[in-house]
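Peer 1: Supplied in structure tokens, the structure appears directly below.
The values are calculated or read from the model by the stated rules, or taken from the named source; none is laboratory data. Nothing here was measured: the structure is a model prediction, and the numbers come from that model. Cβ placement follows ideal geometry from the backbone for every residue including glycine, while neighbour counts extend to all protein chains displayed. When the accessible area is computed, the model is the full protein with side chains, heavy atoms only, and any ligands, DNA or RNA have been set aside. Shrake-Rupley method; radii C 1.70, N 1.55, O 1.52, S 1.80 Å.
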Amino acid sequence: MPLVNCPECEKPISDRATFCPKCGFPLNNNSIELETKRLVDNGQILAAIKYYRERTNCSLKESKDRVDLLKDVNLPRNNRKSGFIILIVILLIIWASSTDLEKTLDLLRQLFSPFINP
């Protein structure tokens, strides 16, 4: 049973553990992918290959291939900008129900023209 370090607390744990017994950090393939992607996004390609290889016990070539795939993947992130835009649209729709529709549409076109016409 080889030991690896927990990505959260860095304590040695079993490579087959589903969570860290010290800090509770989940250790499934999804968390391995997320941490590997974080390393790739930070430009730490060799660290990402090493991390993925140690966690999955795959070959060096398989790890490199997986990291190469992750370079082009955009994992879902918490996007505050899109949430803010949705909030503005909802507020404008509510406001439009009590005012002139044409003025509201003009205002929407002005607000979203940078997103529509890059």
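Peer 1: Suppose accessible area is computed on protein heavy atoms with a 1.4 Å probe; arrange 53, 66, 16 from highest to lowest. Please list the in-between numbers first.
Peer 2: On the way: 53 110, 66 80, 16 195 Å².
Ranked list, largest accessible area first: 16, 53, 66.
Peer 1: Also: Could you name the lysines in cross-link range of residue 37, using Cα to Cα under 19 Å and dropping any fewer than eight places away on the same chain?
Peer 2: 50, 61, 64, 71
Peer 1: Let me ask something else. Collect residues whose amide H, placed 1.01 Å from N in the peptide plane, falls under 5 Å from the amide H of residue 19; neighbours closer than 5 in sequence don't count.
Peer 2: The answer is 27.
Peer 1: Given a Förster radius of 22 Å and the C-beta distance between residue 19 and residue 65 as r, what FRET efficiency does 1/(1 + (r/R0)^6) yield to the nearest 0.05?
Peer 2: Details: r = 27 Å, r/R0 = 1.24.
Computed FRET efficiency for residue 19 and residue 65 comes out at 0.20.
Peer 1: While we're looking at this one, here's another question. Sorting 13, 45 by accessible area (1.4 Å probe), largest first, what list results? Present the calculation step by step, with values, prior to reporting the outcome.
Peer 2: Working: 13 5, 45 50 Å².
Output order, biggest surface exposure first: 45, 13.
Peer 1: Also, quick follow-up: So, R0 is 41 Å and r is the distance between the beta-carbons of residue 42 and residue 108; what FRET efficiency does that work out to, to 0.05? Write out the running numbers ahead of the final one.
Peer 2: Values: r = 38 Å, r/R0 = 0.92.
Between residue 42 and residue 108 the formula returns 0.60.
Peer 1: Arrange the residues 35, 102 by how much accessible surface each exposes, largest first, with a 1.4 angstrom probe.
Peer 2: On the way: 35 40, 102 100 Å².
Descending accessible area places them as 102, 35.
Peer 1: State the extension gain, in nm to one decimal, for the chain segment bounded by residue 5 and residue 50, taking 0.36 nm per residue of separation less the distance between their alpha-carbons.
Peer 2: Numbers: separation 45, 0.36 × 45 = 16.20 nm, distance 1.22 nm.
Contour length minus the Cα-Cα distance gives 15.0 nm.
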